[in-house]
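The values are calculated or read from the model by the stated rules, or taken from the named source; none is laboratory data. In this text the structure is predicted, and so the values were computed from the model without any measurement. So basically every Cβ, Gly included, is an ideal-geometry build from the backbone, and we count neighbours across all protein chains shown.
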């Protein structure tokens, strides 16, 4: 049976766990040759073994410009092309370690680190991949943003700001290279129940009163959209920022006072 991504080569950064792991597995299931890229090479190798087939792992450091460039070049050298770039690697709340707080309690050093990993790494990866995509006739970039990029909050100053920048970077690439058949889209996950997020929110049921849906998110939810956006079925979708959040951005689902009376 033919898969909709047969013959395509996909890089998934941050692929050793969570949303990235789910994306790597789903892209492979749909027929892509998947490169699982992560600073945690051991974890990336475990995911590649789980996928099997032509999947393989590469180590890279999203904070390091040369490492990110080398990742793209190695994939092109070994696979001959790059059709899908799924940018998942990020410095998130699970590894910031309490450094990313409100404006007055967050240091410029923390901001710089978040910016380098969450935004500059995507800029560098896109800059390295787009020429190859143009030369081969096209490609699809899928960036991982967040609902935090469009809503304020009491903390996570750097995370929210950098994810907002990812949205703008996504639309810039879309408008600049869409006529070269290079599409660029972003996904805004809401609460996705990965092992890392569950460490900080062990009882996801506490979020349910706010959510206009009957469950929390799963990595498979984002992976399904990543695979679609990577495929030729999404050929006319470019420059879009799509939430996978169970309706969280639509509004607060808690019962009104009138309903409670």
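Being over 19 Å from residue 84 (Cβ atoms), touching a strand residue (DSSP E or B) at 6+ places or on another chain (Cβ under 9 Å) and either loosely packed, with under 15 Cβ neighbours inside 10 Å or modelled with pLDDT of 95 or more (or both): is that true of residue 222 here?
Criteria not met by residue 222.
I'm trying to understand the selection: among the residues of the range 147-167, which are at pLDDT 95 or above and in contact with a strand residue (DSSP E or B) (Cβ under 7 Å, 6 or more places away or on another chain)?
Correct list: 166, 167.
Looking at the structure I just gave you, is residue 157 surrounded by 20 or more Cβ atoms within 10 Å (Cβ to Cβ) and closer than 21 Å to residue 15 by Cβ?
no
Just to be sure before I move on: is residue 131 surrounded by fewer than 12 Cβ atoms within 10 Å (Cβ to Cβ) and either farther than 30 Å from residue 251 by Cβ or modelled with pLDDT of 95 or more (or both) in the structure I sent?
Spelling it out, it is not the case that residue 131 is surrounded by fewer than 12 Cβ atoms within 10 Å (Cβ to Cβ) and either farther than 30 Å from residue 251 by Cβ or modelled with pLDDT of 95 or more (or both).
Residues in the range 225-261 that are farther than 24 Å from residue 15 by Cβ, modelled with pLDDT of 95 or more and loosely packed, with under 14 Cβ neighbours inside 10 Å: how many?
The number of residues fulfilling the criteria is 2.
Hey, among 38, 30, which residue is under 24 Å from residue 227 (Cα atoms), modelled with pLDDT of 95 or more and buried (at least 24 other Cβ atoms within 10 Å of the Cβ)?
Of 38, 30, the one residue that is under 24 Å from residue 227 (Cα atoms), modelled with pLDDT of 95 or more and buried (at least 24 other Cβ atoms within 10 Å of the Cβ) is 38.
What is the residue count in the range 77-103 for residues that are at pLDDT 95 or above and surrounded by fewer than 20 Cβ atoms within 10 Å (Cβ to Cβ)?
Qualifying residue count for the region: 5.
Residue 151 - would you say it is touching a residue at least 12 places away in the same chain (Cβ under 8 Å), part of a loop (DSSP other than H, G, I, E, B) and surrounded by fewer than 16 Cβ atoms within 10 Å (Cβ to Cβ)?
yes
Can you confirm whether the range 190-209 contains a residue that is loosely packed, with under 14 Cβ neighbours inside 10 Å, assigned to a helix (DSSP H, G or I) and modelled with pLDDT of 80 or more?
no
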